[in-house]
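Asker: Once you've had a glance at the structure underneath, I'll fire off some questions.
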There are 2 protein chains.
Amino acid sequence: MGVILHVCTTCRAGQPLVDGEPCAGARMGAAIGALAVPEGVTIKPVECLSACKFGPTIALSGPDRWSYLYGPVTEDDAALILDYAAAFAATPDGIVPWRERPSLFRKNVIARLPAPETTT
Amino acid sequence: MGVILHVCTTCRAGQPLVDGEPCAGARMGAAIGALAVPEGVTIKPVECLSACKFGPTIALSGPDRWSYLYGPVTEDDAALILDYAAAFAATPDGIVPWRERPSLFRKNVIARLPAPETTT
């Protein structure tokens with residue numbers, strides 16, 4: 001089963017919007033969109049992950065696994081983000097081993113959330 | 001369908017651990033556990049939501065809805081947290097209307113995540 005890379009494409013990263021210029025999140029989304037998508041990963045733009053203080057922000061989620069939110073990340077990290085999404089997809093539980101996490105994803109984790117479960 | 005209130009019970013909130021004294025997350029978990037659980041809400045302790053900088057932390061999640069992470073919250077907020085979990089459970093999509101959100105949950109949102117979806 002695949003995973004989702006959520007990309008917050010509306011993040012201003014604390015900067016004012018300039019007419020005709022894409023915001024930081026839009027630039028990141030465009031950079032990610034220009035690269036090849038790893039197998040098992042689906043990219044989904046999202047308008048606001050409510051982590052504006054830490055943006056630009058991405059999130060990784062999928063069935064039967066932890067979800068993770070990361071930020072700040074930028075368009076310069078696009079290739080690293082996609083590689084990491086592939087590593088996330090390859091885990092059984094969403095937990096990429098610490099030694100395999102690039103520094104960006106060790107330092108810039110905003111939060112994580114346990115696997116979704118249905119309760120009655 | 002019910003929702004889950006995840007309570008990070010290992011959060012030190014930046015304080016050193018003191019032998020024989022519960023950490024901030026454990027105190028919050030105990031305070032929440034001492035109150036009546038609203039219908040449709042299941043409380044789940046979790047060891048670390050990786051949001052230690054903003055802790056103590058809780059998260060709300062459930063099927064077909066946005067998930068939200070909040071912090072810092074403390075044992076003094078236990079009743080408010082349970083009321084808010086009930087409001088979250090009563091929504092169709094996890095988005096509690098802004099006017100119904102107590103100040104704590106307006107100001108102390110760490111991040112949110114779209115509804116889990118399975119991709120192929």
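The values are calculated or read from the model by the stated rules, or taken from the named source; none is laboratory data. Note that this is a predicted model, so its numbers are computed, not measured. Ideal geometry is used to build each Cβ from the backbone, glycine not excepted, and the neighbour counts take in all protein chains shown.
Asker: What's the number of the only condition in (1) under 18 Å from B:A13 (Cβ atoms); (2) at pLDDT below 95 that B:P116 fails to meet?
Answerer: Exception for B:P116: condition (1).
Asker: Taking the conditions exactly as written (loosely packed, with under 15 Cβ neighbours inside 10 Å and aliphatic (A, V, I, L, M)), does B:A31 satisfy them or not?
Answerer: Judged against the criteria, B:A31 is not a match.
Asker: Next up: Might you check whether a residue that is among the polar types (S, T, N, Q), closer than 25 Å to B:L49 by Cα, away from chain B (no Cβ under 12 Å) and surrounded by fewer than 19 Cβ atoms within 10 Å (Cβ to Cβ) occurs anywhere in the stretch A:39-57?
Answerer: No, because not a single residue in the stretch A:39-57 is among the polar types (S, T, N, Q), closer than 25 Å to B:L49 by Cα, away from chain B (no Cβ under 12 Å) and surrounded by fewer than 19 Cβ atoms within 10 Å (Cβ to Cβ).
Asker: Only one of these is at pLDDT 95 or above and in contact with a Phe, Trp or Tyr (Cβ under 7 Å, 6 or more places away or on another chain): A:I81, A:I32, A:I43, A:I58. Name it.
Answerer: It is A:I58.
Asker: Among the residues of the stretch A:64-95, which ones are more than 12 Å from every other protein chain (Cβ to nearest Cβ), over 14 Å from the mean Cα position of the chain (by Cα) and β-branched (V, I, T)?
Answerer: Listed by number, the list holds a single entry, A:T91.
Asker: Please work out which residue is nearest to B:P38 (Cα to Cα), limiting yourself to the stretch B:99-112 and to residues that are within 12 Å of another protein chain (Cβ to nearest Cβ) and loosely packed, with under 14 Cβ neighbours inside 10 Å.
Answerer: My answer is B:R106.
Asker: Can you tell me how many residues within the stretch B:35-84 are closer than 30 Å to A:V96 by Cβ, part of a helix (DSSP H, G or I) and among the hydrophobic types (A, V, I, L, M, F, W, C)?
Answerer: Residues that pass the stated criteria total 2.
Okay, residues lined up against (1) under 29 Å from A:P63 (Cβ atoms); (2) touching a Cys at 6+ places or on another chain (Cβ under 6 Å); (3) in contact (Cβ under 8 Å) with a residue 24 or more places away in the chain:
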{"residue": "B:R12", "(1), (2), (3)": "no, yes, yes"}
{"residue": "B:P16", "(1), (2), (3)": "no, no, no"}
{"residue": "B:E21", "(1), (2), (3)": "no, no, no"}
{"residue": "B:A24", "(1), (2), (3)": "no, yes, yes"}
{"residue": "B:R27", "(1), (2), (3)": "no, no, yes"}
{"residue": "B:A30", "(1), (2), (3)": "no, no, yes"}
{"residue": "B:S50", "(1), (2), (3)": "yes, no, no"}
{"residue": "B:P56", "(1), (2), (3)": "yes, yes, yes"}
{"residue": "B:G62", "(1), (2), (3)": "yes, no, yes"}
